[in-house]
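As structure tokens, the structure follows; a few thoughts come after it.
Values in this text are rule-based calculations from the coordinates and carry no lab data. Note that the structure is predicted; figures quoted are calculated from it, not measured. All Cβ positions, even for glycine, are placed from backbone atoms using ideal geometry, and neighbour counts span all protein chains on display.
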Amino acid sequence: MSYATFFQSNLLDSTTIVLLVAVLVTLVVFTALGQYLKRQPEVAIDQAIIRTFNNRVIAWLTIFVVLTITMTLPRVVTVVFFGIISFWALREFITMTPTRRGDHRTLFWVFFLFTPFQYYMVARLNSGWFDWYALYTILIPVYASLFIPGRIAFTGDPKRFLERTAKIQFGLLICVYALSHAPALLYLNLGQYNPATGVKEVWQGKTGGLLLFLIIMVQFNDMVQFIWDRLIGKQVIAPSVNNTRTWEGLIGAACLTGLFGMLVQLLLPVTPFTWYGSGVMALLISVMGSSGKMTMSAIKRDRGIEDYGTLVHGHSGVLDRIDSVCFAAPIFFHVTRFFLSMPQ
């Protein structure tokens, strides 16, 4: 692939468009339902739960509308969209705790070199003579992780050195490196197993469906776990970390997300997986997404904050909405690539 195809779209087909419309309609219906319940004070549901539900739905609707628009444009636009989200999320993460003067120059390199270059490499995957994938997978885990402590050490400020270094490294790893695997799905060359012949053949679908599958499964898992936690949740997983996350919600959401993944593939096959493979991948997304929620909750409790920032006025920050995607995306990407990638 050359620069001539750098701005190529080729993300959507009729099946993917139908799925997009179905999700948007569902979110609009949920938004209307939430607003209706909000105006019914006599309803038996706690108003705090309704407010949280509304915040989640509106935030996801906002993200999904923008994502839908970007996916109708050249795919590099979708990469830029995720790059902006990464920049925003990293900013929220870094501002969670005060930084020292010695960190500012290091943060300049983190925000204005490593972050944009990571997404530039995403847009260059499978293009030209250079193996961008090899560099893409190690730039932040290796080079950035070594650069950050070295640059901070050269400032001559050793106070809370390990804490400051670890915070910047972890923020860059989760907010940028992990999330960049979501748009990287758009650049995979995948095969699909033919059950009749038992041979892996070139997949004829569009990679936009693969990205949508990831986002939809994460979104579905978050909403189902939220509902199950409130309705039937009894055994809280870790009260000091998150007093609303329960084992019943975790297991119930994982099972329903796996079934939902199978259903989506059976009705609207937007991925190269078999119907049962889609169920396994949806289950994997659910487990990793829930792990992301718990991890970020632990960090917030450690820092004594409620939310990372403000996505929309009166709502949680962008990192509060994408933490599940950050943990699910790299696992989903690498498992998919390992089993289904095709040679150039």
Taking one equal scatterer on every alpha-carbon of the range 81-187, how large is log10 of I(q)/I(0) by Debye at q = 0.18, 0.22 1/Å?
-0.82, -1.13
Note down the Stokes-Einstein diffusion coefficient of the range 202-336 in µm²/s, whole number, using a Kirkwood radius over alpha carbon pairs, 20 °C, and 1.002 mPa s.
139
Under 5 Å, built H, 5+ apart or other chain: amide partners of residue 193:
201
Calculated FRET efficiency, residue 238 and residue 159, Cβ-Cβ r, R0 45 Å, to nearest 0.05?
0.90
Out of all Cα-Cα pairs in the range 79-141, roughly what percent, to the nearest whole number, are more than 16 Å apart?
53
Most fluctuating of 270, 23, 325 in the GNM of the chain (C-alpha, under 10 Å) is 23
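D for the range 37-91, whole µm²/s, Stokes-Einstein with Kirkwood Rh over alpha-carbon pairs at 4 °C and 1.567 mPa s: what number?
97
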Virtual spin-label span in nm between residue 267 and residue 339, 7 Å along Cα→Cβ:
2.3
Just to confirm my numbers, what's the Cα centroid distance between the range 145-201 and the range 207-222 in Å?
20
Select from the chain the helices, each a whole stretch of DSSP H, whose alpha-carbon atoms run 15 Å or more along the helix axis and whose Kyte-Doolittle mean is at least 0.0; answer none if there are none.
14-38, 47-71, 75-94, 161-172, 207-231, 247-267, 275-303, 318-340
Checking the a/c ratio against 1.5 first, then a/b against b/c, what shape does the Cα gyration tensor give for the chain?
oblate
With respect to the cross-link table entries 167/293; 206/300; 38/167, which display a Cα-Cα separation exceeding 29 Å?
206/300; 38/167
